Amino acid sequence: QVQLVESGGGSVQPGGSLRLSCTASGFSGYLYSAYCMGWFRLTPGKEREGVARIDSDGTTSYADSVMDRFTISQDNVKNTLYLQMNSLKPEDTAMYYCAAVRSSCYYVEFDAYEYNYWGQGTQVTVSA
């Protein structure tokens, strides 16, 4: 069974940094399949927003709101997905989720409904 577990959230002041991690398991039976993995965030009263995603070949993409501030990466040895968040703003406050779909990112839209596997989320709060 595919499982994703996030960690690394917390409370920081504007301009601060956080590094989120998402440890994946259950992919060992699909070592030669393409997976698209990404980070989404959700704020009460707002729609779920795609933040960043990375393809199996390392290709990345970002929401305009986080471009040049956030960096997504993956460590295949540790089976871990990361999101480095710098220059955090109050509007970055949200519950952050990692997600995956058994497909190349090329074939799916960057929308939550496309992703089959989800973690439980980790809270990020940015305030003075």
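The values are calculated or read from the model by the stated rules, or taken from the named source; none is laboratory data. Given the structure is predicted, the values throughout are model-derived calculations rather than measurements. FYI the Cβ positions are ideal-geometry reconstructions off the backbone, even for glycines, and counts take in every protein chain you see. With ligands, DNA and RNA removed, areas are computed over all heavy atoms of the protein, side chains included. Shrake-Rupley method; radii C 1.70, N 1.55, O 1.52, S 1.80 Å.
Against the numbered list (1) within 21 Å of residue 79 (Cβ to Cβ); (2) over 12 Å from the mean Cα position of the chain (by Cα), residue 36 comes up short only at (2).
Test residue 40 against the stated conditions and say whether it is touching a Gly at 6+ places or on another chain (Cβ under 7 Å), of a type in the set (Phe, Trp, Tyr), open to solvent by less than 30 Å² (accessible area, probe 1.4 Å) and under 30 Å from residue 128 (Cα atoms). In short, yes. When the residues of segment 17-28 are filtered to those that are loosely packed, with under 14 Cβ neighbours inside 10 Å and in a loop (DSSP other than H, G, I, E, B), which remaining residue is modelled with the highest pLDDT? Going through the qualifying residues, I end up with 17.
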